[in-house]
Amino acid sequence: MTKGLYLRLAGRNLRASRQTTLPFLIASSLLFFSALALMMLSDDPGVMRMESGQSVQMLLGFGVVVVCLFQGIILFYANSFLIRRRQHEFGLYGVLGLGKHHVARVLIYEMAGLYLLTVMLGALLALVLGQGVFWLMQKMLGMSVPISGSLTSAVFLRGAVVLGVWFLALTGYNVASLRMANPIQLLKSRETGEREPKANWLWALVSLLLLGGGYGIALFPPPGSAALGNFFLAVLLVVLGTFMLFQSGVVAVLHLLKGLRSVYYRPGCFVSISGLMHRVKQHAAGLASICILCTMTMVTMGGSLAMYLGREASLGSLYPAEFIVRAESESELKLALQAVDQADAAFHISPERQQLHYWEIFGTLEKDTLVPFQGSQSQGWISGKIFLKSEYERLQGTSISLNPGEIGWTGDPGPGALTFHGISYPAVPVPAPSFTLPEEAVVNTRRVLLVVDTPELAREMSEAMMFRQPEGVISVQWNTGLKDDERAAYYQTLIGLLKNTPLERSLHSRDGERQAWMSINGGFLLIGVFLSFVFMLGTALMMYFKQISEGYQDYHRFIILQKVGMSHEEVRRTISHQTLILFFLPLVVALIHVAGAMPTITVILMQMGISTLAYTFWMTLGSALLVGLVYGLFYRLTAGAYLKLVRF
């Protein structure tokens, strides 16, 4: 056979199977575009000029890896469907005299053609939409540094190489599957009978245990950094449990229903339950994958929206006033107040200032023992402030009950006693602060506020818990009431007055910190947007191929049902019942997964600065509703293709 004949056969096959290859081509092109867009953003010079540009670039690099990984997973799923649908065709080639090496060459040319089309379409999307997408994101994130959004040759080559590796792997898988198959078996693949799936009760029990373990971890998260590590373990257990649930658990439930004679032998239930047994078993991996992708989309989208829409509330908790200056001695405080007085006089303002005096701590709390930070610890971190009783009463405007030798504790329920340097101090609850104070900027920690009666104890605890602050921290915070441009000029005046002094880096402006905050959290948002898009794309592709696959398989089955006496309307009603159950079962399970993960998600987002529970709840709920609407739209579109195939 000549090369031209191979090419013509490959082209004819792609055109003949356009009902399946066209969605594959569109999905692979969009996946390639997503990877290119993140690579373009990661390599853009404007990113490095942003506040915390290096950290943002690292985040985007992580996003590129995740998107490329899911690119391969989704392509492998779609390819497995494509190659499975062509088994009869490959068997026919063998019967007609074509050797496996001939068919393998045709497959190689087909994959090469799809790869070239994917690269061209994906690059075209990046060229046409790249600048527009980045302009929109730049406006959303309020970035002051321009991002070009240009597709460079280095980015294109890197993306093309990654995609090429996946396509080479797909080609190798297809050729290996072809070489291991028997042509006669391939030719008869459509006529192969189906055995009734057996209920694997052991697997069903294991799936429930895995899900129960995952939910138990997610519903009761520990405070601080331990929540993130536990969440990954919970995700692993739930993913494994979900796959086993759809593989055996659902079939086991259907077998229970089959054992209920009053239910199973009703005409509608008889056909639906019998059909669902086969369909769930055959498409268990697809159903579980759709469920997991929907869950990931809801969680990713909800977290990203909570971080974006809750940014001002988070900044307000970190910086409760427009300006904050920190001094660590009386001399530094005097210098700071002189500079602030001069700036106020220059702008003809006299704002009210709040002054706080405290010590800082950072370490771990092991049961009831305060342990200094040692660098290698990763769980149980705490960070917070220590106030003297007299200072706390001044700020509160009321007296508190705290005896000598006791330590006051605010916030979440504390231990009955605190042990420090081998000495146990009774820990008593005191009222939460009614005044505003900056939150800790350290993430993945449990925040605490302690009240002691002597400065010696406060100094000793602070020095042991990472900080050396003999006189503590004296924080002054105030609002100016100036307009944006005047406030920026006021800030520059203060910087000039404090330049070349110990307080040069102790002045904080909410406006100045906003860009740094948006740079880091904006990186998470960008990754969340792209990952949500990839997950939704994967969900749509899996749903479409699943509908097409079932359409091909169910056509002859429903014809047999009509031949044994069922009316056209009864068959159509059975189709509707089975389709609704199968396609909304993953969505329902995904919603349950998201509800179970909410406590841990809330703790993790709080450690990242999203301190408002309402944002997390409403954004996750809104994302779940949006995914549900999009899922319903995908169902309507793919159900039409399914009904067209089964001709009902």
Every residue from segment 576-586 that is of a type in the set (A, V, I, L, M, F, W, C) and surrounded by fewer than 20 Cβ atoms within 10 Å (Cβ to Cβ)
LEU580, ILE581, PHE584, LEU585
Of (1) outside any strand (DSSP E or B); (2) modelled with pLDDT under 90; (3) crowded, with 19+ Cβ neighbours inside 10 Å, TRP409 fails just (1)
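Could you tell me whether VAL66 is surrounded by 14 or more Cβ atoms within 10 Å (Cβ to Cβ) and either modelled with pLDDT of 75 or more or of a type outside the set (Lys, Arg) (or both)? Give the derivation first.
Details: surrounded by 14 or more Cβ atoms within 10 Å (Cβ to Cβ): yes; either modelled with pLDDT of 75 or more or of a type outside the set (Lys, Arg) (or both): yes.
When the stated conditions are applied, VAL66 passes them.
Yes/no matrix, rows are residues, columns are (1) at pLDDT 75 or above; (2) part of a loop (DSSP other than H, G, I, E, B); (3) out of contact with any Cys (no Cβ under 6 Å at 6 or more places or on another chain):
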| position | (1), (2), (3) |
| --- | --- |
| GLU471 | yes, yes, yes |
| ILE474 | yes, no, yes |
| GLN477 | yes, no, yes |
| THR480 | yes, yes, yes |
| ASN500 | yes, yes, yes |
| LEU537 | yes, no, yes |
| HIS556 | no, no, yes |
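Here is a list: LEU136, LEU187, LEU141, LEU209. Which entry is over 25 Å from TYR77 (Cβ atoms) and at pLDDT 85 or above? Talk me through it step by step, then tell me what you get.
On the way: LEU136 fails: at pLDDT 85 or above; LEU187 fails: at pLDDT 85 or above; LEU141 fails: at pLDDT 85 or above.
Unique residue meeting the criteria: LEU209.
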Pairs under 9 Å by beta carbon, first residue touching a residue at least 40 places away in the same chain (Cβ under 8 Å) and open to solvent by less than 70 Å² (accessible area, probe 1.4 Å) in segment 5-31, partner acidic (Asp, Glu) and part of a helix (DSSP H, G or I), six or more apart or different chains?
LEU9/GLU110; ALA10/GLU110; GLY11/GLU110; ASN13/GLU89; ASN13/GLU110; LEU14/GLU110; SER17/GLU89; THR21/GLU110
Taking segment 445-469 and the residues there that are among the hydrophobic types (A, V, I, L, M, F, W, C) and assigned to a helix (DSSP H, G or I), the one that is surrounded by the fewest Cβ atoms within 10 Å (Cβ to Cβ) would be ALA464
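Is it the case that some residue within segment 431-440 is open to solvent by 50 Å² or more (accessible area, probe 1.4 Å), closer than 26 Å to GLU366 by Cβ and out of contact with any Pro (no Cβ under 8 Å at 6 or more places or on another chain)?
Our first condition is that a residue be open to solvent by 50 Å² or more (accessible area, probe 1.4 Å); within segment 431-440, this holds for 431-432, 434, 436, 439.
Now narrow it down to the ones that are closer than 26 Å to GLU366 by Cβ: 432, 439.
Filter once more, keeping what is out of contact with any Pro (no Cβ under 8 Å at 6 or more places or on another chain): 432, 439.
Yes, segment 431-440 contains at least one residue that is open to solvent by 50 Å² or more (accessible area, probe 1.4 Å), closer than 26 Å to GLU366 by Cβ and out of contact with any Pro (no Cβ under 8 Å at 6 or more places or on another chain).
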Going residue by residue through segment 603-615, is there one that turns out to be hydrophobic (A, V, I, L, M, F, W, C), outside any helix (DSSP H, G or I), within 27 Å of GLY214 (Cβ to Cβ) and modelled with pLDDT under 70?
yes
Quick test of your reading of the structure: ALA227 fulfils all but one of (1) surrounded by 19 or more Cβ atoms within 10 Å (Cβ to Cβ); (2) modelled with pLDDT of 85 or more; (3) of a type in the set (A, V, I, L, M, F, W, C); (4) under 30 Å from LEU365 (Cβ atoms). Name the failing condition by number.
(2)
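Quick grid of which residues meet (1) part of a helix (DSSP H, G or I); (2) modelled with pLDDT under 70; (3) out of contact with any helix residue (DSSP H, G or I) (no Cβ under 9 Å at 6 or more places or on another chain); (4) open to solvent by 70 Å² or more (accessible area, probe 1.4 Å):
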site	(1), (2), (3), (4)
HIS101	yes, no, no, yes
MET111	yes, no, no, no
GLN131	yes, no, yes, yes
GLY149	no, yes, no, no
GLY159	yes, no, no, no
ASN174	yes, no, no, no
Give me the pairs, please: first residue somewhere in segment 618-637 and free of Cβ contacts under 8 Å to residues at least 60 places away in the same chain, second residue anywhere and open to solvent by less than 40 Å² (accessible area, probe 1.4 Å), beta-carbon distance under 8 Å, and either six or more positions apart or on two chains.
GLY628/LEU587
With a cut-off of at least 2 residues that are at pLDDT 80 or above and open to solvent by 10 Å² or more (accessible area, probe 1.4 Å), name the helices (runs of 4 or more DSSP H) lying wholly within segment 260-356.
284-309, 330-346
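The values are calculated or read from the model by the stated rules, or taken from the named source; none is laboratory data. Please read these numbers as outputs of a predicted model, since none were measured by experiment. Cβ coordinates were reconstructed from backbone atoms using ideal geometry, including for glycine residues, and neighbour counts include every protein chain displayed. Side chains included, ligands, DNA and RNA excluded: accessible areas come from the protein's heavy atoms. Shrake-Rupley method; radii C 1.70, N 1.55, O 1.52, S 1.80 Å.
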